[in-house]
Amino acid sequence: MRGKVAVIMGSKSDEGVARKAVEVLERYGVAYELRVLSAHRNPEELDEYVKKSDADIFIAIAGLSAALPGVIAARTEKPVIGVPVSAKLLGLDALLSMVQMPSGVPVATVGIDNGANAAHLAVRILKLKCGDEES
């Protein structure tokens with residue numbers, strides 16, 4: 001399938017959730033890049049990466065304050081899919097942070113720890129964008 005997805009984790013501890021997304025992308029033959037970039041610890045590097053990325057869609061995986069998806073969405077017009085991680089408060093803190101983005105900074109958000117569903121959504125978006133009818 002044509003198109004590319006950037007899968008960004010806020011921390012190395014989010015790798016298990018990211019692997020679920022990557023497995024789905026690989027199953028569909030979608031090109032992807034997997035990175036660890038924190039909105040808090042690497043803000044300049046994250047900003048540079050988003051601005052220069054050739055990805056069509058970003059999947060942002062984060063827990064706690066879960067700033068990552070919103071920061072990415074504020075820097076691109078491309079779709080951003082947030083995946084909240086169950087780090088604290090059973091992931092509800094991250095989930096609520098992602099779904100409460102301000103107007104003009106949209107983040108599509110899937111269920112807590114559901115990296116696979118984020119990838120399925122990315123595949124559907126790519127099918128619309130690229131006109132692929134493959135399943």
Which count do you get for residues in the range 12-42 that are among the β-branched types (Val, Ile, Thr) and within 14 Å of ALA87 (Cβ to Cβ)?
1
Just give me the residues in the range 98-107 being in a loop (DSSP other than H, G, I, E, B) and either over 11 Å from the mean Cα position of the chain (by Cα) or within 14 Å of VAL36 (Cα to Cα) (or both), in sequence order.
GLN100, MET101, PRO102, SER103, GLY104, VAL105, PRO106
Given the conditions (1) in contact with a Phe, Trp or Tyr (Cβ under 9 Å, 6 or more places away or on another chain); (2) closer than 16 Å to VAL123 by Cα; (3) free of Cβ contacts under 8 Å to residues at least 40 places away in the same chain, report the number of the one that TYR32 does not fulfil.
(1)
Within the range 81-124, the residues that are on the phi > 0 side of the Ramachandran plot and in contact (Cβ under 8 Å) with a residue 60 or more places away in the chain are ASP113
Of the numbered conditions (1) small (Gly, Ala, Ser); (2) surrounded by 15 or more Cβ atoms within 10 Å (Cβ to Cβ); (3) over 18 Å from ALA118 (Cβ atoms), GLY104 fails exactly one; give the number of that condition.
(2)
Quick check on the range 60-81. Is at least one of its residues modelled with pLDDT of 95 or more, more than 26 Å from ASP93 (Cβ to Cβ) and crowded, with 18+ Cβ neighbours inside 10 Å?
no
Answer yes if at least one residue in the range 4-19 is farther than 20 Å from LEU128 by Cβ, of a type in the set (Asp, Glu) and crowded, with 18+ Cβ neighbours inside 10 Å, and no otherwise.
yes
Just checking, which of ILE125, ILE112 is modelled with pLDDT of 95 or more, surrounded by fewer than 22 Cβ atoms within 10 Å (Cβ to Cβ), in a loop (DSSP other than H, G, I, E, B) and among the hydrophobic types (A, V, I, L, M, F, W, C)?
ILE112
Selection status of ASP54, more than 19 Å from ASN114 (Cα to Cα) and surrounded by fewer than 16 Cβ atoms within 10 Å (Cβ to Cβ):
yes
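The values are calculated or read from the model by the stated rules, or taken from the named source; none is laboratory data. As the structure is a computational prediction, the values presented were derived from the model and not from experiment. Positions of Cβ are backbone-derived with ideal geometry, glycine not excepted, and every protein chain shown enters the neighbour counts.
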